[in-house]
């Protein structure tokens with residue numbers, strides 16, 4: 001019965017998504033489709049306003065990854081992502097059921113001690129208090145999946161199919177703007193960009209449930225928040241991204257956008273040192289070099305799950321806690337991607353931990 005209920009839920013999600021995308025496609029021929037705000041340099045990030053939703057832009061996400069330790073000293077990795085997407089509907093559409101915004105959520109749990117990887121997903125049309133992304137501060141939810149910020153701390157609560165999170169996340173460092181004061185180029189064209197900041201070294205406590213177990217956990221996390229109207233260049237296939245919390249208090253964000261031939265189209269990095277000084281790096285100062293690949297038995301996609309990343313003069317080796325950390329979100333966001341907990345090593349010594357994200361390997365990624 002449980003497997004059948006899960007199948008029905010997934011089918012319902014697919015029906016909602018197809019209906020919404022059909023409305024989106026239909027609106028392309030409408031007389032007055034919605035317009036979206038451009039991402040331009042020179043806009044200052046303002047908090048707490050920019051912790052919240054930006055509905056004038058086409059896409060947005062709040063993205064949490066981190067490492068947890070149970071009271072039995074077991075290591076777990078977790079990922080929580082909420083997406084907001086605004087279809088190009090006519091603004092004058094009076095229907096309360098018009099899908100003016102879609103909310104999508106993914107969550108995953110990596111358990112290397114038991115070689116288990118759990119993941120789940122949801123998609124809803126925003127509205128009626130059932131799914132919302134509010135402005136002014138972080139408050140986004142789909143049913144009983146929630147991420148909200150209050151009094152300087154986050155609370156994430158998600159009850160998934162076979163696992164659950166209840167986590168509190170407290171800031172230990174100020175937000176880290178990426179790119180030019182938060183204006184982050186994603187390609188050769190200036191409009192291919194996002195507004196983007198990170199919150200490294202979040203202190204985490206709470207509870208995780210999985211496989212009939214309930215464990216108190218503590219650890220460290222990373223939060224990314226991005227919003228855009230034209231994220232990927234038309235020649236892009238996907239990206240490789242890292243968010244690393246280093247043991248000395250430093251933090252590294254780096255990404256490269258890949259073209260459809262597998263080469264590097266664009267890239268950038270932001271590094272906050274242990275002294276708090278921030279340095280940015282351009283595409284010619286970073287490099288992602290695969291060290292080992294893994295082929296998914298689920299989708300047959302091949303991912304470079306062990307990677308060497310060069311940022312300026314530093315070279316880090318990234319080693320996954322387990323190979324099978326693939327997310328299949330074709331029933332919600334439509335993509336298959338690898339999102340994995342990794343250790344960071346330098347000169348053979350462990351220097352930190354974080355997450356590696358690999359998109360566009362199963363097929364080229366499509367974003368508005």
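With respect to (1) crowded, with 20+ Cβ neighbours inside 10 Å; (2) in contact (Cβ under 8 Å) with a residue 60 or more places away in the chain, the lone exception for residue 267 is condition (2).
Apart from one condition, residue 361 fits all of (1) at pLDDT 95 or above; (2) closer than 12 Å to residue 305 by Cβ; the exception is (1).
Every residue in the range 43-57 that is in a loop (DSSP other than H, G, I, E, B) and more than 14 Å from residue 191 (Cβ to Cβ), please.
Filtering the range 43-57 down to residues in a loop (DSSP other than H, G, I, E, B) leaves 43-48, 52-57.
Once the filter is applied, which keeps residues that are in a loop (DSSP other than H, G, I, E, B) and more than 14 Å from residue 191 (Cβ to Cβ), the range 43-57 yields 44, 45, 46, 47, 48, 52, 53, 54, 55, 56.
Just for the range 321-336: of the residues that are in a strand (DSSP E or B) and surrounded by 23 or more Cβ atoms within 10 Å (Cβ to Cβ), which one is modelled with the lowest pLDDT?
Keep residues of the range 321-336 that are in a strand (DSSP E or B), which gives 326-329, 335-336.
If we keep only those that are surrounded by 23 or more Cβ atoms within 10 Å (Cβ to Cβ) as well, we get 326-327.
Working: 326: 95, 327: 89.
Filtering first and then ranking leaves 327.
Within the range 129-158, can you find the residues that are loosely packed, with under 15 Cβ neighbours inside 10 Å and free of Cβ contacts under 8 Å to residues at least 24 places away in the same chain? Once the filter is applied, which keeps residues that are loosely packed, with under 15 Cβ neighbours inside 10 Å and free of Cβ contacts under 8 Å to residues at least 24 places away in the same chain, the range 129-158 yields 129, 130, 143, 144, 150, 151, 152, 153. Does residue 238 satisfy being at pLDDT below 95, within 26 Å of residue 335 (Cβ to Cβ), out of contact with any helix residue (DSSP H, G or I) (no Cβ under 8 Å at 6 or more places or on another chain) and surrounded by 23 or more Cβ atoms within 10 Å (Cβ to Cβ)? Yes: the conditions hold for residue 238.
Quick one: how many residues across the range 25-42 are modelled with pLDDT under 50 and either under 23 Å from the mean Cα position of the chain (by Cα) or in a loop (DSSP other than H, G, I, E, B) (or both)? Residues in the range 25-42 being modelled with pLDDT under 50 and either under 23 Å from the mean Cα position of the chain (by Cα) or in a loop (DSSP other than H, G, I, E, B) (or both): 5 in total. Residues considered: 203, 256, 209, 272. Of these, the only one that is more than 25 Å from residue 51 (Cβ to Cβ) and more than 16 Å from the chain's Cα centre (by Cα) is 209.
Residues that are closer than 18 Å to residue 178 by Cβ and either in contact with a helix residue (DSSP H, G or I) (Cβ under 9 Å, 6 or more places away or on another chain) or surrounded by fewer than 15 Cβ atoms within 10 Å (Cβ to Cβ) (or both) do not occur anywhere in the range 289-301. Is it the case, given these coordinates, that residue 216 is at pLDDT below 95, assigned to a strand (DSSP E or B), over 15 Å from the mean Cα position of the chain (by Cα) and farther than 25 Å from residue 53 by Cβ? No; evaluated as a whole, the condition is false for this residue.
Among the candidates 221, 211, single out the residue that is within 20 Å of residue 158 (Cβ to Cβ), in contact (Cβ under 8 Å) with a residue 24 or more places away in the chain and in contact with a helix residue (DSSP H, G or I) (Cβ under 8 Å, 6 or more places away or on another chain). If you could, list the steps in order and put the result at the bottom.
Working: 221 fails: in contact with a helix residue (DSSP H, G or I) (Cβ under 8 Å, 6 or more places away or on another chain).
So the residue among 221, 211 that is within 20 Å of residue 158 (Cβ to Cβ), in contact (Cβ under 8 Å) with a residue 24 or more places away in the chain and in contact with a helix residue (DSSP H, G or I) (Cβ under 8 Å, 6 or more places away or on another chain) is 211.
Sub-6 Å Cβ pairs linking a first residue in the range 286-304 that is touching a residue at least 60 places away in the same chain (Cβ under 8 Å) to a second residue that is surrounded by 12 or more Cβ atoms within 10 Å (Cβ to Cβ) and part of a loop (DSSP other than H, G, I, E, B), at least 6 apart or interchain, are 299/362; 301/361; 301/362, ordered by first then second residue. All of (1) under 30 Å from residue 111 (Cα atoms); (2) within 19 Å of the chain's Cα centre (by Cα) hold for residue 229 with one exception: (1). Do the conditions hold for residue 200, that is, is it outside any strand (DSSP E or B) and touching a strand residue (DSSP E or B) at 6+ places or on another chain (Cβ under 8 Å)? The answer is no for residue 200. Residues in the range 282-305 that are under 23 Å from residue 270 (Cβ atoms) and assigned to a strand (DSSP E or B): 286, 287, 288, 289, 290, 304.
Regarding the range 251-264, can at least one residue be identified that is free of Cβ contacts under 8 Å to residues at least 40 places away in the same chain and either crowded, with 19+ Cβ neighbours inside 10 Å or touching a helix residue (DSSP H, G or I) at 6+ places or on another chain (Cβ under 6 Å) (or both)? Yes - at least one qualifying residue is present in the range 251-264. Just checking, which of 224, 233, 248 is in a loop (DSSP other than H, G, I, E, B) and closer than 23 Å to residue 339 by Cβ? Exactly one of 224, 233, 248 is in a loop (DSSP other than H, G, I, E, B) and closer than 23 Å to residue 339 by Cβ, namely 233.
The values are calculated or read from the model by the stated rules, or taken from the named source; none is laboratory data. It should be emphasised that the depicted structure is a prediction, and the values quoted were computed from it without experimental measurement. Counting neighbours? That spans all protein chains shown, and the Cβs are built from the backbone with ideal geometry, glycine included.
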